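Peer 1: I'd like to ask you about the structure that follows.
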Amino acid sequence: MEAVNGVSKMSIAHEIVVNQDFHMEEMDLSPDSLESKIKETMHNAFWDHLREQLTATPPDYTYVLQLLKEIKESRLKSQIEEVMDVELLKQEADHGALDVSHLSTYILSMMTMLCAPVRDEEVQKLESIADPVQLLREIFHVLGLMKMDMVNFTIQSIRPHLQEHSIQYERAKFQELLQRMPNFLDHTTKWLSQAAAEVVTPPPPSCDPPEQIISSPADETMKGNAIISPSMVLNQGYMNLLHWDPDNEEFPETVMMDRTRLQEIQFQLNQLTILASVLLVTNSYCGPKLPSSPQFVDRLKQIIKVLLEGNQSRLNEALLSISDQVLQEIQQALTDLNLPALSKDNVASLSGQIHSVAKEDNCVRSIIDQRIRLFLKGCLIRGVQPSLRDLPGGITAIEEELAEMGQRFSCLILHNQQVFGPYYADILKKVLFSPQESEVSMDST
């Protein structure tokens, strides 16, 4: 049980580090709830850090002064306890003298003083509730939100400390597993060996880019280099995780904790591929005016996203609905601009091209998929912002969505590299170099 709790706490800390948007929502509390584990993890990390500060030479009193300030300001706690004396309230209730209205008013005044500014509006709304039962019910609801605010503030405050220590902590825990199971890196070795083979002999492109997709400088930047470096192999390995066969159980051990997160990114990549493909073939039928209208493109994006979301497992059905809606939007937009409607032949042709995006070997879909993966690889090599400034043709319409996915992916991969870099270095040394070359490499370090 202790081992399970240790893994659970490590998973929580890992989630906070790799997910910059991680936050808690209001929920029913229990000792085994995720919030309770989050709070325990945060508090333990805080007190551990405080102990390190006090035992340093010279001692660092930063957190001590912060605690003293909070203790000084906690006089509000004693004020609340004076009014919220449970025994006294029980006696008043027994004698029919409990003033719920007065008590509620006092609680509201305390909430106004204690809540974060973002909750001011919710607290103010409580003042207009006359029904005492409804008022108490809403008070407890807002108190729950305030509790989550405090938990999320604690998470944000402690994140830098977790980032500092989680690398060593996760690596130490993995080393413990490796000592108990010496073959625990077998799948990781196979994964990197396959990536090395692909870097040495990259697969040919599936098809030539259509006329709508122009090339970009990034295409040349990412092409194969005569010198194969460990970082190239590792980046290829990371990219391979984004089209991992779910039936393949030989998932790399070093990335196992992030498997669900990578599957989510893989799903997002597939959805964006369909979205960008439909937008591309649609724009080719709209003439110069409609594709240059941000409002028109944004509306099409929202329609396509909603229909894809509602038919995740039935792509053919989704594209039928998307085709009908897109054609309606185009005809209406052309009418609004006093432009001629699409001919019957163009309607049939566009509808057919949208339907054909369902095929994985569709040329437009294949090229868009390659371009999105090219962008993600660029995020690993050069960073998200430089890659956004140099987007390949055909995917500029989904720049906002790519930025979010690229940030999420690169943050995840960076943390993984920092934790497991020493293991990857040892494996790649054996994969890429002969024993003699490995010895030379070791002697030169």
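The values are calculated or read from the model by the stated rules, or taken from the named source; none is laboratory data. Treat the numbers as computed from the prediction; the structure is a model and nothing was measured. Because the Cβ atoms are built from the backbone with ideal geometry, glycine has one as well, and the counts that use them run over all protein chains shown. Keep in mind that these areas ignore ligands, DNA and RNA; they rest on the heavy atoms of the full protein, side chains included. Shrake-Rupley method; radii C 1.70, N 1.55, O 1.52, S 1.80 Å.
Peer 1: Which numbered condition in (1) open to solvent by less than 80 Å² (accessible area, probe 1.4 Å); (2) at pLDDT 85 or above is the only one that Asn183 fails?
Peer 2: In the conditions (1) open to solvent by less than 80 Å² (accessible area, probe 1.4 Å); (2) at pLDDT 85 or above, Asn183 misses (1) alone.
Peer 1: Six or more apart or on different chains, Cβ atoms under 6 Å: show the pairs whose first residue is in segment 337-365 and touching a residue at least 12 places away in the same chain (Cβ under 8 Å) and whose second is of a type in the set (A, V, I, L, M, F, W, C) and part of a loop (DSSP other than H, G, I, E, B).
Peer 2: Listed by first residue and then by second, the contacts come to Cys363/Cys207; Arg365/Val357.
Peer 1: So, one more: Run Asp345 past the list (1) assigned to a loop (DSSP other than H, G, I, E, B); (2) over 22 Å from Leu402 (Cα atoms); (3) modelled with pLDDT of 90 or more and report the number of the one that doesn't hold.
Peer 2: Condition (1) is where Asp345 drops out.
Peer 1: Among the residues of segment 323-342, which ones are assigned to a helix (DSSP H, G or I) and not β-branched (Val, Ile, Thr)?
Peer 2: Matches in segment 323-342: Ser323, Asp324, Gln325, Leu327, Gln328, Glu329, Gln331, Gln332, Ala333, Leu334, Asp336.
Peer 1: Kindly provide the set of residues from segment 304-329 that are surrounded by fewer than 18 Cβ atoms within 10 Å (Cβ to Cβ) and within 16 Å of Tyr285 (Cβ to Cβ), ordered by number.
Peer 2: Matches in segment 304-329: Asp324, Gln325, Gln328, Glu329.
Peer 1: Among the residues of segment 310-322, are any assigned to a loop (DSSP other than H, G, I, E, B), closer than 20 Å to Ser349 by Cβ and without any contact (Cβ under 8 Å) to a residue 60 or more places away in the chain?
Peer 2: Among the residues of segment 310-322, not one is assigned to a loop (DSSP other than H, G, I, E, B), closer than 20 Å to Ser349 by Cβ and without any contact (Cβ under 8 Å) to a residue 60 or more places away in the chain, which makes the answer no.
Peer 1: If I go through segment 222-279 residue by residue, how many of them are touching a Phe, Trp or Tyr at 6+ places or on another chain (Cβ under 6 Å) and of a type in the set (Val, Ile, Thr)?
Peer 2: 2
Peer 1: Whether any residue in segment 275-297 is under 22 Å from Pro202 (Cβ atoms) and open to solvent by less than 40 Å² (accessible area, probe 1.4 Å) is what I want to check.
Peer 2: Within segment 275-297 (the criterion being under 22 Å from Pro202 (Cβ atoms) and open to solvent by less than 40 Å² (accessible area, probe 1.4 Å)), the answer is no, since none of the residues qualifies.
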